[in-house]
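Structure, as structure tokens:
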Amino acid sequence: MGISLHSRVLRAIIFACGLASIAPVAQVNAASLLTPGPAGLIRKSAEPFGLPTSLLTEGGLRHKWLGVQRRLADELVQLAICDGDREGCVSPEALRFLAIIDLGRAQEGRARLGRINRAVNLAIRPGSDLALYGQLDVWTSPLATLATGAGDCEDYAIAKFVALRQAGVAAEDLRIVVMRDLPSGEDHAVAAVRLDGRWLTLDNRRMAMIEDSDVRSVRPTFVIDQNGVSRYVDPPFVAEAALPSATQAD
């Protein structure tokens with residue numbers, strides 16, 4: 001038991017350090033969510049929606065993600081401790097999140113993704129940041145979200161991102177995608193998982209997992225992965241041509 005617990009804590013610390021080292025905690029602009037900031041070289045990698053990306057070195061969204069990473073490092077250690085001694089765990093939020101992770105660990109492939117997508121959607125009730133925190137845009141880590149019991153789209157996406165990773169999905173197959181909903185003009189975040197070479201989006205607004213090519217009336221703007229925050233790079237007319245128009249909404 002002691003060796004197992006030590007091993008779990010060590011793995012959590014290593015994973016947490018890995019997340020923290022995605023990008024240096026440097027001074028960043030306290031900008032709005034979609035302030036892009038300077039970007040690195042364009043990467044023509046196989047991202048959701050099949051568009052090239054450019055890694056950001058600063059900006060409002062990167063600042064928010066770094067804050068999530070710092071809080072997540074502590075939460076992963078607590079999860080590892082509770083995972084090794086559930087009867088002695090003093091965090092009800094950690095036990096609830098572990099129960100979600102267990103659902104994924106017990107499955108493989110699409111079933112694993114579906115179990116976690118559904119469980120997170122049911123575990124969190126929709127709530128605006130303004131109503132919950134008195135601020136317009138707050139990104140929270142999974143245990144903090146479960147403690148509140150409510151969150152908005154990015155809180156669901158972050159919880160799914162972490163739960164899937166802990167359930168065994170490879171880091172290179174996980175993303176958080178921020179997109180602009182064209183009919184409403186609002187920004188929306190979802191988790192995305194690559195399965196058999198195809199990207200599935202896990203949305204808090206539906207239980208069904210939708211392939212990126214079937215998502216309607218959106219323009220992807222940013223993507224978050226193990227390397228940090230990147231911006232989708234393409235002329236507006238290319239994005240509109242590649243994605244169904246607003247008149248084709250579900």
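None of the figures in this text is laboratory data; all of them are computed from the coordinates on show. From a predicted model like this one, the values you see are computed outputs, not experimental measurements. Neighbour counts run over all protein chains shown; Cβ positions are idealised from the backbone, glycine included.
Step through the residues of the stretch 130-142 one at a time and calculate ³J(HN,Hα) from phi using the Karplus curve (6.51 cos²θ - 1.76 cosθ + 1.60, θ = phi - 60°), rounding each to whole Hz and writing x for Gly and Pro.
5, 6, 7, 10, x, 10, 7, 8, 10, 9, 10, 7, x
Enumerate the residues in the stretch 150-180 having an amide nitrogen under 18 Å from the point lying 7 Å beyond the Cα of Ala46 toward its Cβ.
Answer for this model: 169-176.
In nm, to one decimal, how far is the modelled label at Ala171 from the one at Thr57, with both set 7 Å along Cα→Cβ?
Here the answer is 2.2 nm between the modelled labels.
Calculate, for Leu95 and Leu195, the FRET efficiency according to 1/(1 + (r/R0)^6) with r their C-beta to C-beta distance and R0 30 Å; round to the nearest 0.05. Walk me through the numbers before you get to the answer.
On the way: r = 28 Å, r/R0 = 0.94.
Efficiency computed from Cβ-Cβ geometry: 0.60.
Looking at the stretch 43-93, which trypsin sites (Lys or Arg not before Pro) are in a loop (DSSP not H, G, I, E or B) and have at most 13 other Cβ atoms within 10 Å? Please list the in-between numbers first.
Numbers: sites: Arg43, Lys44, Arg62, Lys64, Arg70, Arg71, Arg86; in loops: Lys44, Arg86.
Answer in residue order: Lys44, Arg86.
Report the calculated FRET efficiency for Ile210 and Leu136 (r = Cβ-Cβ distance, R0 = 41 Å), to the nearest 0.05. Show your work: numbers first, answer last.
Working: r = 28 Å, r/R0 = 0.67.
Efficiency at R0 = 41 Å is approximately 0.90.
Are there any GluC sites (Glu not before Pro) in the stretch 154-222 that are in a DSSP loop and have at most 12 other Cβ atoms within 10 Å? List them by number. If you can, show how the numbers build up before the last one.
Working: sites: Glu154, Glu172, Glu186, Glu211; in loops: Glu186.
Those that pass, being in a loop and sparsely packed, are Glu186.
Stretched out fully, how many nm does the piece from Asn227 to Ala147 gain, at 0.36 nm a residue minus the Cα gap? Please report the intermediate quantities before stating the final value.
Details: separation 80, 0.36 × 80 = 28.80 nm, distance 2.80 nm.
Computed gain between Asn227 and Ala147 is 26.0 nm.
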